[in-house]
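The values are calculated or read from the model by the stated rules, or taken from the named source; none is laboratory data. Predicted model only: the values in this text are computed from it and were never measured. Positions of Cβ are backbone-derived with ideal geometry, glycine not excepted, and every protein chain shown enters the neighbour counts. For the accessible areas, the whole protein counts, side chains as well, though only heavy atoms, and no ligand, DNA or RNA atoms are used. Shrake-Rupley method; radii C 1.70, N 1.55, O 1.52, S 1.80 Å.
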Amino acid sequence: MSSVTVIGLGLMGKALAGAFVGAGHRTTVWNRTPGKNVAGAQHAESVAAAVGAADLVVACLVNNDAVHQVLAQAGSLAGKVLVNLTNGTPSQAREVAASVAELGGRYVDGGIMAVPQMIAGPGALVLYSGSQEAFAEHRATLETLAEARFMGADAGAAALYDLALLSGMYGMFGGIYHAFAMVRAAGGDVREFAPMLTAWLSAMMAATPEAAEEIVSGEYATEVSALAMNQLALPNFIDASKELGLRPDVLLPIQRLIDRAVEAGHGGDSLTRLVEMIKE
Ligand code: NDP
């Protein structure tokens, strides 16, 4: 079993440290505010002491400003690998990578595709990027937490894919919440509606690989569901929502993208053409 340090005992940090302890790794923890504990872990008195306790240091803090503040207290990182599982942008990841390199350490950025309850359980995924060599050395320990997928040597790659996946999630949830709001406002049973919605979204999800093919080829012409037809249908969703006393906020950005695409002469194209309209 190996040694690992976890910096940050928020909801996620606690889950990470608990998983390492559970797998039998010698685990040292540090948290800014004292009093947060993880059974079976050693508590370090300072960041420098925590970093000194293991070659693998996992940070999971509220944001990357906090990571920089912690690094300022770390001392030398010679011989250390910092795995930063704090959510942030690709540029922020590259900035943290530069700070870690200045301190003599190697850097791996990570994006956690799970909630704390999923850590060390089925379905949890963590994306990594940065030093492939450092990732390979510590892969077995990191796999304690979740499936580990390396996304590339650019430190920002994990954050990019993390944010892209989460963008997909927020868009999907926006649609789900609007659908529930419509059914509830009309007096329908949201429990009965939930499996219908799941089945419908699952069927629609099957179009994702095809959309990727369209994007790669730049061929958006369709005989299935053209933008011009969708443009005519959108006002129905918006008017029906308003009649139910609902704000159509979730639908309006999609309507704007479709309008712009049709105005630009793409009415015969599929919805996937909207990827081009998202570009600035
Ligand atoms: P919490 O708000 O529960 O914990 C935040 C942690 O950051 C605490 O340990 C806090 O310490 C620490 N912190 C805040 N500011 C500083 C600072 N200036 N210096 C040192 N430490 C600081 O957040 P989570 O644990 O939920 O999330 C942590 C990261 O994990 C975030 O980037 C989040 O996006 C990501 N994540 C979280 C998920 C979740 O479902 N919770 C899912 C996937 C990713 P203190 O106790 O002293 O306040």
Check: For Ala153 and Glu45 in the same chain, what is the full-extension length gain: residue separation times 0.36 nm, less their Cα-Cα distance, in nm?
Finding: 35.5 nm
Next item on the list: Answer with one residue from Pro235, Ile258, Met182: the one whose Cα lies farthest towards the positive end of the charge dipole of the stretch 161-278, charges on Cβ with Lys, Arg +1 and Asp, Glu -1.
Entry: Met182
Checklist line | Ordering of 182-192, 87-97 by packing [mean C-beta count within 10 Å, highest first] | finding: 87-97, 182-192
Check: What do you reckon, how do Asp269, Asp154 stack up by accessible area (1.4 Å probe), largest on top?
Finding: Asp154, Asp269
Check: Using the Cβ atoms and a cut-off under 14 Å, what net charge is assigned to the surroundings of Val126, where Lys and Arg are +1 and Asp and Glu are -1?
Finding: -2
Notebook entry, point to check: Quick one: putting +1 on the C-beta of Lys and Arg, -1 on the C-beta of Asp and Glu, what dipole do you get for the stretch 181-235 around its Cα centre, in Debye to the nearest 20?
Noted result: 380 debye
Check: Using modelled amide H (1.01 Å from N, peptide plane; none on Pro or chain starts), what sits under 5 Å from the amide H of Asp269, excluding residues fewer than 5 places away?
Finding: Leu227, Ala228
Margin query: So if I place +1 on the C-beta of Lys and Arg and -1 on the C-beta of Asp and Glu, and nothing else carries charge, what would the dipole magnitude of the stretch 168-280 be about its Cα centre? I want it in debye, nearest 20.
Written below: 460 debye
Next item on the list: Give the peptides 26-32, 111-117, 200-206 in descending order of average Cβ contacts within 10 Å, highest first.
Entry: 26-32, 111-117, 200-206
Margin query: Can you tally the net charge around His68? Count Lys and Arg as +1, Asp and Glu as -1, for every other residue whose Cβ sits under 15 Å from the Cβ of His68.
Written below: -2
Next item on the list: Give me the Kirkwood hydrodynamic radius of the chain, using the inverse of the mean 1/r over all pairs of distinct Cα atoms, in Å to one decimal.
Entry: 21.5 Å
Check: Quick one: of the DSSP bridges fully inside the chain, what percent are antiparallel, nearest 5?
Finding: 25 percent
Notebook entry, point to check: Restricting to the stretch 101-160, what percent of DSSP beta bridges are antiparallel, rounded to 5?
Noted result: 60 percent
Checklist line | the chain: calculated mean residue ellipticity at 222 nm from DSSP helix runs of at least 4, using -39500 (n - 2.57) | finding: -15500 deg cm²/dmol
Next item on the list: Mind pulling the angle between the C-alpha long axis of helix 227-243 and the longest principal axis of the chain? Nearest 10 degrees, somewhere in 0 to 90.
Entry: 80 degrees
Notebook entry, point to check: With point charges of +1 on the Cβ of Lys and Arg and -1 on the Cβ of Asp and Glu, referenced to the Cα centre of the stretch 3-153, which listed residue (Tyr107, Gln42, Thr86) lies farthest in the positive direction of the dipole?
Noted result: Gln42
Margin query: Within 11 Å, Cβ to Cβ, of Ile215, how many net charges do the neighbouring residues add up to if Lys/Arg are +1 and Asp/Glu are -1?
Written below: -4
Next item on the list: Taking the Cα centre of the chain as origin, sum charge times position over the Cβ atoms of Lys and Arg (+1) and Asp and Glu (-1), and report the length of that vector in debye to the nearest 20.
Entry: 1040 debye
Checklist line | Farthest positive-ward along the chain dipole, Cα basis, beta-carbon charges - from Pro195, Ala153, Val70 | finding: Val70
Next item on the list: Measure nothing fancy, just the Cα-based angle from helix 190-205's long axis to the longest principal axis of the chain, in degrees from 0 to 90, nearest 10.
Entry: 90 degrees
Checklist line | Pairs of Cα atoms farther than 26 Å apart, the stretch 161-278, % | finding: 24 percent
Check: Using alpha carbons only, how many degrees (0 to 90, rounded to 10) separate the axis of helix 132-142 from the longest principal axis of the chain?
Finding: 90 degrees
Note to self: Output wanted: per-residue J couplings in Hz (rounded whole) for the stretch 152-161, from phi through Karplus 6.51 cos²θ - 1.76 cosθ + 1.60, θ = phi - 60°, x for Gly and Pro.
What the structure shows: x, 6, 5, 4, x, 5, 4, 5, 4, 5
Notebook entry, point to check: Taking a probe of 1.4 angstrom, what is the accessible area of Glu213 in Å², to the nearest 10?
Noted result: 130 Å²
Next item on the list: Under 1.5 on a/c is rounded, so check that first for the stretch 3-153, then, if it is not, pick prolate when a/b is larger than b/c and oblate when it is not; a ≥ b ≥ c are the square roots of the alpha carbon gyration tensor eigenvalues.
Entry: rounded
Note to self: What is the distance in Å between the Cα centroid of the stretch 1-77 and that of the stretch 230-280?
What the structure shows: 47 Å
